[in-house]
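Note sheet for the following structure.
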Amino acid sequence: MNHPLIIASGNQELDANIPFLEKQLEVLFQGVKEDSSPLEGLTIRLKSDSSWSESQYRLRIDRSDISLYSSSSASMQQAMVHLLELMGLKLLGPELYSIAEESAQKFPQQYEYTYTRPFAFTSLLYPDAYEPAFRAWYGIDWYLDDFGVWGHSFDQLVSPKAYFDSHSEYFAWYEGERHAEALCLTHPEVRNIAIQNLKEILAKNPEAKYYSISQMDDLIYCECDRCADVNAANGGPQGSLYFFVNQLAQTYPDQDFVTLAYLYSSKAPTQIRPAKNVITMLCPISMDRGAGIKEGARNQYFKKEVLDWKKVQERLFVWDYTVQFTHYFSPFPNFESMTENIKFYHEMGFEGLFMQGYADIPGSLYALRQYLLVQLMRDPDLDASVLTREFLEEYYGKAAPYMEEYLLTLADAQKKSSKRLGIYGGPVQAIFSYLSPEIMDQLDQVVTKAEKAVRGEAHFAKRIAAVRMDLEYTYFEQAKYYGKDQHGMYVPSATGYSLKEGLNARVKAFADQAEHLGAYELSEAGPGPQQYYQDWLGYQTFATVSHRGESADYKFISQPSTEYNFKKTYGLQDGLRGSSDFSYNWTGWYGDSPVIEFTLSDTKPLSRVVLNFLEDQRHWIFLPEKVKLFGYYKNHWKLLAEVKVGDLEENWLVDRRTISLMSSGKRKFSKYRVEVSSLKSLPKWRKRRNKMPMTMIDEIEIY
């Protein structure tokens, strides 16, 4: 088959794309049949047209004559991609092509299409986005190229290392103290230093389109008198933020700056208007990912925030979150909301999208996720369900129907549960929604069918094996939660309880496979695959315990936080200790002190009570001040034992502390009470507005 004749435009910038087109045509023609007559004898003319903006192109087909009109190299390449896709060539991943013979046979004789890029900036953080060829095909930007400074940047504008010790007044006055984590945004010298440092940054990166002037990743903001006045007039701490950002932006009026509307600055200021060269990047970190922004009841707060922002400025970006950051290899059924939200952003006139995913880690169904994102960022009017079906057919072959069933099973289970779907959840939280034992059984059966369907087809089988990995990881995480119960990691044995046969080998196989795929961490800043395996082995050394409390009657006098009370009182008497992960096998009291009563089922006197507490100060989990044990006798509570924990120290390591309360054992009381005195307030190094200390107990062991 004769390849098309390509006629250059005479514009060197546009014609530099000709080798790209020739290479892709070679791939296409190697895959189509020789009798694909609609593709015979074509002439492709590149035409430079300055009447088109850099974000536009025009494609015109008149029988065998094809014309591509553009004014920029990037848009010309997009016109070429459009043509290639009409011919039947698709790109699923770097060097991973799909050739649709049907499209080649139905190549149009007459066709005219004008494209205008829907967003000025689109970028995503997924494995294949690191490949320039993949980005170029879909017209996706690379955030590190476009931004001279990215993300949280105040420490680059005014360095705490350089100034905090000598000029603490440059930094935030918060809860009665100066904090290096934030700036005093109304201090004149802070502005001067920031402007000077910004000048140097601009000089180093003159080609960048945007520069971030953004708060740090913390809840601290300045409450000095000056900042407080500005904030009071603007509905919150976003006031002093835009007071500061505008001053820097007005110094360089021809340069675009981006600032994050994040945590305490998420709402629009009520008086100050962002400068024309300031773009606000909204960061909806708390949204319910089980529903879209438009219809999701839990997301109406963010919809209102968007509408409020549109009243004060037109230029909006969004930094959206599209995966579960605590468990990269666990199913996360957010596909519908993820794709619907892109359409919402387009309808609301957002100028740019940054979609954060697994970064360069091949997490759960990453290829499908990134494919849907790049397609919809390029054209938000596309049908996500059609795109999904097409991708599944090309990527999973004969297993595609089962993969569609897999996705529908997860999505339906999540919807029926009406539970919130968060980016910091996981397999244990999902036990009560889309990863219940019943759903896990269904998913296992579906994946087994998929495995059989592609047996002997190595490339498809490898992709289904990655889906099996997700279920394996989910099973391991849930097995730690279930412990000695059904679905747990332990089974009854002659000596008590033993690990399920072959389970360690399965975890090791998962770790090896994840490592082979290039996963260097299994969650954001979490353990790598081999460390996960070592942690799994380490947990077994202390996970189970047998004690009299397993048959006792426990009662909460003070109620734990709903979010950390999955097993109710059973969680304190199931014979299962907690690991360093606070999200399961720990019962937590937030801003309250635990008080638990228990009644023994036997007549033996009590000799000892053992409690394990978690310390994870990063997540506001602290050791208590003291613990008391009481016995009830003749309508009176008698103090049997008291242990003071000791002075509180700053500790950024995760630790478990065991406290034993000894009783004389001479008298049998009708019931007992454990009273834990939690911290009344957070220490200064973790003090944050609207945050309280949490106390966590994994088991109350009775001997």
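Bear in mind that the values in this text are calculations on the coordinates, not laboratory data. Please read these numbers as outputs of a predicted model, since none were measured by experiment. Every residue, glycine as well, gets a Cβ built from its backbone with ideal geometry; the counts of neighbours run over all protein chains shown.
A few points about this structure:
- Helix screen, the chain: DSSP H segments with Cα axial length of 15 Å or more and mean Kyte-Doolittle hydropathy at least 0.5 are 73-87.
- Shown here is the pair-distance distribution of segment 387-445: with all Cα-Cα distances grouped in 5 Å bins from zero up to the longest one, the shares run 4, 18, 24, 20, 16, 14, 4 percent.
- FRET efficiency estimate (nearest 0.05) - Cβ-Cβ, Leu382 to Lys209, R0 30 angstrom: 0.70
- In segment 385-490, chymotrypsin sites (Phe, Trp or Tyr not before Pro) in a DSSP loop with at most 15 other beta-carbon atoms within 10 Å: Tyr424
- Rounded if a/c under 1.5, otherwise prolate or oblate - segment 403-540, Cα gyration tensor axes: rounded
- Assuming charge only on the beta carbon of Lys and Arg (+1) and of Asp and Glu (-1), the dipole of the chain about its Cα centre is about 3060 debye to the nearest 20.
- C-alpha center-to-center spacing [segment 293-364, segment 8-40] in angstrom: 36
- Think of segment 143-365 as having a plus end and a minus end, set by charges on the Cβ of Lys, Arg, Asp and Glu; of Leu202, Val318, Ile361, Val318 sits farthest toward the positive end of this dipole.
- Cα gyration tensor category, rounded, prolate or oblate, for the chain with a/c compared to 1.5: oblate
- Counted by neighbouring Cβ atoms within 10 Å, the residues Thr544, Thr603, Thr251, Thr587 run from fewest to most as Thr603, Thr251, Thr544, Thr587.
- Computed over segment 359-421: relative contact order in percent, which uses C-alpha pairs under 8 Å that are six or more apart: 19
- Among Glu305, Glu175, the order by Cβ neighbours within 10 angstrom, fewest to most, reads Glu175, Glu305.
- Trypsin sites (Lys or Arg not before Pro) restricted to segment 480-557 and DSSP loop, no more than 13 other C-beta within 10 Å: Lys500
- Contact order for the chain, expressed relative to its length and based on alpha carbon pairs under 8 Å spaced 6+ residues apart, stands at 8 percent.
- Considering only the chain, percent of DSSP beta bridges that pair antiparallel, nearest 5: 65
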